[in-house]
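Take a look at the structure set out below.
Read-outs throughout are calculated quantities, based only on the coordinates presented, and are distinct from any laboratory measurement. The model shown is predicted, which means the values in this text are computed figures rather than measured ones. Glycine gets a Cβ as well: all are built from the backbone with ideal geometry, and neighbour counts include every protein chain shown.
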Amino acid sequence: MGLYDDLPDAKPRATTASTARDGDASDDASIRDAKRAKRATGDAGERSEDAQKVQLRDDATVAAPSKAATTKDALQRIAQHLLKPEKFVKASGLLKKLLMSEACDRGDAKALFACLENAMTPTPKARALRAETRLDYEELFEIVAAFSPLIFNAKQKRKLEVWSTYARRINALRTDDSFEFTKAVKAIQEVVDRVDSYVEPPGVIEDDDIEIPPAPEGASEEEAMEMATQYARSIKAERAAEIEQLAVVDELREALIDALEFTSSLYGRTWSQTTIDMMSNFFHERRPKFSPTSQERIVKIWDDLRKKKHARSLTSAGDKVSMTSFERDQARAAGSQVSARGSVGAENVKDGRGESAAKMLG
């Protein structure tokens, strides 16, 4: 028999209240730790999803072209088609829609100017006055004129006026409405009045013609040479800009004479002959505004129209068809013995009250 054989069997230890509380606290801590870990995992997942969304958003921003880039690309594509006369109608329609959508601004001036330049290649006279597309040219340049102050610089506007003379003003002469025809002639004459008198353009300036001012005191020889080079470069640039500007004005003068020449080709329309005669005289009186070569063109057109007018005046008195209504009234008033005022309701009154009117008409 062993020493501890008579001892009772060991019983499980009774659980006290404090021990139970400690166990519950330990279980709660474990639960909280599990929840905390789960929450952390969820937050990390959400942050990962948010980061992915931001990255996708950034990628989309980089991939999507900006409005400016889209407009510029569209203008470049349109410019290529405007070079071809057979594609002008469709291409000009796209350009008009682009302008009307107000998508163009000053940043697109160069690309838009290139479009118009291609539309006038090889020459404005050859492109803008074509019977098949003249209405499309007129509509396009009317829209361009509306947006011109907001887009183009002064240099581009001067060139645009040359093109508009062909596209808008000369094409406006193709009308059967006497009022619209007179209005178009007046618009051309207003441009003539704005043009300065002709002066011979200066020649290209050479290095020997440039008087370099002395360098400031204390400047080294190298600095003096650099300043002299920059000064000469600026003088040459100013002269080149002046020559270019005068050349554009000469192009406008030529466009105006082309307008006169085109108008004279319409002399066969009896109702427009008086207006054409007046336009011819208008140009003839303002010959100093044009170059010597242009003056020769004006004199030739004026002389041809004067001969046609003289031929009409020699027409038989019985042939009234070749005379305008103004000329018939003028001839009747000049040869009448009855005053213009007395002729109304008094055929034989000779009181002289209409002599001043007759002299004015005569």
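Which shape class, rounded, prolate or oblate, goes with segment 128-287 when its Cα gyration tensor gives a ≥ b ≥ c as root eigenvalues, a/c under 1.5 marks rounded, and past that a/b bigger than b/c marks prolate? Here segment 128-287 falls in the prolate category. Of the cross-linked pairs 87/110; 87/125; 72/96; 125/159, which ones have a Cα-Cα span greater than 20 Å in the structure shown? Listed pairs above 20 Å: 87/110.
Pairs of Cα atoms under 8 Å, at least six residues apart: use those to get the relative contact order of segment 66-174, whole percent. With pairs under 8 Å counted, the relative contact order is 30 percent. Summing Cβ point charges (Lys, Arg +1; Asp, Glu -1) relative to the Cα centre of segment 151-215 gives a dipole of roughly 760 debye. For segment 66-174, the orientation-averaged shadow of the C-alpha convex hull comes to 6.0 nm² (one quarter of the hull surface).
In summary, the convex hull built on the alpha carbon positions of segment 150-201 has an orientation-averaged projected area of 4.9 nm².
Charge dipole (Cα centre; +1 on Lys/Arg Cβ, -1 on Asp/Glu Cβ; no other charges) of segment 66-174 amounts to roughly 260 debye. Ranking 210, 232, 148 by how far each Cα lies toward the positive end of the dipole of segment 126-251 (charges on Cβ) leaves 148 at the top. Length gained on full extension, residue 313 to residue 126: 63.7 nm, using 0.36 nm per residue less the C-alpha separation. Other residues within the sphere of radius under 12 Å centred on the Cβ of residue 269, judged by their own Cβ, net out at -1 (K and R +1, D and E -1).
The mean of 1/r over all pairs of different alpha-carbon atoms in segment 135-176, once inverted, gives a Kirkwood hydrodynamic radius of 10.6 Å. Scoring 153-166, 84-97, 217-230 by mean Cβ neighbours within 10 Å over their residues and listing the highest first yields 153-166, 84-97, 217-230.
What the Cβ-Cβ distance of residue 70 and residue 206 gives, at R0 = 41 Å and to the nearest 0.05, is a FRET efficiency of 0.30. Note down the nm distance, to one decimal, between modelled labels 7 Å out along Cα→Cβ at residue 157 and at residue 86. It is 3.9 nm. Projecting the Cα positions of 126, 173, 104 onto the charge dipole of segment 66-174 (unit charges on Cβ atoms of Lys, Arg, Asp and Glu, taken about the Cα centre) puts 126 furthest along the positive direction.
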